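Here the structure is laid out as structure tokens; the discussion comes afterwards.
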Amino acid sequence: MKQDLRSIRSVANIKKAFVDLLQEKPFEKIKVSEIARKAGIDRQTFYLHFVDKYDLLDKMNKEFLQVYKTILVERLEGDNSFALEKLEKIYQGNLPYLKEHRLEVLSLLKIDTGRICLKRDLRKMLIDKYQEITGEALTSFQQDMLATLYVDSFITFIKEDRKISEKEIEDLLIKIREFIS
């Protein structure tokens, strides 16, 4: 039990140190030794939990995706509508997690290593869920537009850390219709 608590604490310290370093410099410039030093551990302890900083990033992204996916499915279950108003419900469903991990999520969203990219993974997950729930196959253009609308709106909610009103959504839909007409 003592070892498990120490491991849990070490991983939490590593993640916090990593997020703190991401506030100071870009991902590419961060070294494992810096993460370990800031986490108050030695490099060997870091390597007990992660292969390298890419593994750390990947695991943190997957953790967020799992939370988001669970809430997305709960909010859409039994209803194959992807009404824009549901974004607020999805955001509210994630609120406790996002309040606690806001800086972490915003930091992760900035990183694109080519192989690891939270924003791209969010887009793919959303499209996959949309097609699974609605049974509708989308063209690549439709996929891109839907994913852009949902994911970028969700990111805006996270950045601004506020509720969006139904009036704002209605106004936006009017503007979109005017723009594409």
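Once segment 44-61 is narrowed to residues that are touching a residue at least 24 places away in the same chain (Cβ under 8 Å) and hydroxyl-bearing (Ser, Thr, Tyr), the residue that is surrounded by the most Cβ atoms within 10 Å (Cβ to Cβ) is Thr45. Within segment 155-173, track down each residue that is among the polar types (S, T, N, Q) and assigned to a helix (DSSP H, G or I). Selection gives Thr156 alone.
The rows are residues; the columns are (1) modelled with pLDDT of 85 or more; (2) assigned to a helix (DSSP H, G or I).
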site	(1), (2)
Leu122	yes, yes
Glu136	no, no
Met145	yes, yes
Tyr150	no, yes
Ser153	no, yes
Arg177	no, yes
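Any residue that is under 16 Å from Val105 (Cα atoms), part of a helix (DSSP H, G or I), acidic (Asp, Glu) and out of contact with any helix residue (DSSP H, G or I) (no Cβ under 7 Å at 6 or more places or on another chain) - is there at least one of those in segment 2-23? Within segment 2-23, not a single residue is under 16 Å from Val105 (Cα atoms), part of a helix (DSSP H, G or I), acidic (Asp, Glu) and out of contact with any helix residue (DSSP H, G or I) (no Cβ under 7 Å at 6 or more places or on another chain). When restricted to residues that are more than 22 Å from Leu103 (Cα to Cα) and either in contact with a Phe, Trp or Tyr (Cβ under 8 Å, 6 or more places away or on another chain) or touching a residue at least 12 places away in the same chain (Cβ under 8 Å) (or both), segment 1-40 contains 1.
Set side by side, the residues Ile35, Ile41 differ, and just one is crowded, with 18+ Cβ neighbours inside 10 Å, at pLDDT 95 or above, of a type in the set (A, V, I, L, M) and assigned to a loop (DSSP other than H, G, I, E, B), which is Ile41.
The values are calculated or read from the model by the stated rules, or taken from the named source; none is laboratory data. This one's a predicted model, so the numbers in the text were calculated from it and none came from an experiment. As a convention, Cβ positions derive from the backbone with ideal geometry for all residues, glycine included, and neighbour counts pool all protein chains shown.
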